[in-house]
Amino acid sequence: MFEKNTDLQAENVSQGDSNSKIIKEMRNDQIKVDSLSNKQGFAYYISGTQSDILRNQMGQLVNQTPHYIGHELESEFKEPVTVSKNAPQKTIDKMLTDPTFILFGDQYTYNKELSTSQTLVYSQKAMGGSMYSSEAQLRFALNSNHQIVSYSQTYLQDIKSLREKSETISETRALIWLYQYNEIPNNTKVAWTKLGYTKLLSIDNDRVFIPTWIIAIKPQNSTQVQIKRINAFTGGIIKETDENLKNSQSSSEIN
């Protein structure tokens, strides 16, 4: 037993040394990256259903004018809603508990990385994480006075796991694989990384999601951000599909 533990410890040290060398190579290529976590976690394959439940329940909303088009609820407030300029999510979080303000509001969480000075983005929660999907999102539009004037909402119903939880790769391993796939150009900065759920496939109104390392790459001296995705189970790169993160090319508020 002692020998096995020693071997495992030696393997972890070797892996750590290898990771450190590759991170050093990245920095030599003028790729700026902050400290990374080597911690592995657990996640699920999950599913959700696209339904018309927002349309069926939008009659309970007050002080706003809702419209429903193509599985998306769009609504304008009759009076602008003032929120905190420095921490708008604190104001909104309290309001989300009111079903006459937002339907199923307590099932969303603030997403700083996708938000800008004009748009506050909330992602639908799922199995201890967040869904990075335009089909499970709240987007609040702000005016020049930092007031909410309208919002759009998409929602997936009956979110559940499809199999037992499995181990995910670490943030460090995801970034290293992305680099080794030649997906991180020289003279760029890793703006942020997040572990969330992104869509794998659609079957009629059902959606299947997998845990994904979402990595934002920004050229130095630029405000443009490019989103990269790594399968958090296998380490494979996830190519672009018709599913998008609407703010993936946002301005300097993403940092």
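The values are calculated or read from the model by the stated rules, or taken from the named source; none is laboratory data. This structure is a prediction, so every number in the text was calculated from the model and none was measured. Backbone-built Cβ (ideal geometry, glycine too); neighbour counts: all protein chains shown. The protein model used for the area step is the full one, side chains on, heavy atoms only, and it has no ligands, DNA or RNA in it. Shrake-Rupley method; radii C 1.70, N 1.55, O 1.52, S 1.80 Å.
Note that the chain presents 53 Å² accessible area per residue, ligands and nucleic acids not counted, probe 1.4 Å. Hey, got a sec? Which trypsin sites (Lys or Arg not before Pro) in the stretch 59-153 land in a DSSP loop and have at most 12 other Cβ atoms within 10 Å? In loop regions of the stretch 59-153 (DSSP not H, G, I, E or B), the sparsely surrounded trypsin sites (Lys or Arg not before Pro) are Lys85. Placing dummy labels 7 Å off each Cα toward the beta-carbon, the span from Lys85 to Ser202 is 4.0 nm. One Cα centroid belongs to the stretch 123-168, the other to the stretch 186-244; the line between them spans 15 Å. For the stretch 137-147, 3J(HN,Hα) computed residue by residue from phi via the Karplus equation (6.51, -1.76, 1.60; θ = phi - 60°) reads 8, 10, 10, 9, 8, 9, 8, 5, 8, 6, 10 Hz, glycine and proline entered as x.
When a/c is below 1.5 the answer is rounded, else prolate if a/b is larger than b/c, else oblate, so apply that to the stretch 145-240 with a ≥ b ≥ c taken from the square roots of the Cα gyration tensor eigenvalues. In terms of gyration-tensor shape, oblate. Share of carbon and sulfur in the accessible area of the chain stands at 45%, probe radius 1.4 Å.
Here the Karplus curve 6.51 cos²θ - 1.76 cosθ + 1.60, taken at θ = phi - 60°, turns the phi angles of the stretch 68-82 into couplings of 10, 9, x, 6, 10, 9, 10, 8, 10, 6, 5, 10, x, 9, 7 Hz, with x standing for Gly and Pro. If you work out mean projected area of the Cα convex hull in nm² from the coordinates, which of (i) 18.8; (ii) 16.6; (iii) 15.8 do you get? This structure yields the entry labelled (iii). With the cut-off at under 11 Å, measuring from each backbone N in the stretch 168-195 to a point 7 Å along the Cα-to-Cβ line of Asp29 picks out 176-188. Lys90: which lysines have alpha carbons under 19 Å from its alpha carbon, excluding same-chain residues fewer than 8 sequence positions away? Candidates past the 8-residue exclusion: Lys112, Lys125. Between the beta carbons of Gln220 and Ser117, assuming R0 = 25 Å, the FRET efficiency works out to 0.70 to the nearest 0.05.
Per residue of the chain, what 222 nm ellipticity follows from adding -39500 (n - 2.57) for every DSSP H run with n ≥ 4, rounded to the nearest 500? Calculated at 222 nm, the ellipticity per residue is -6000 deg cm²/dmol.
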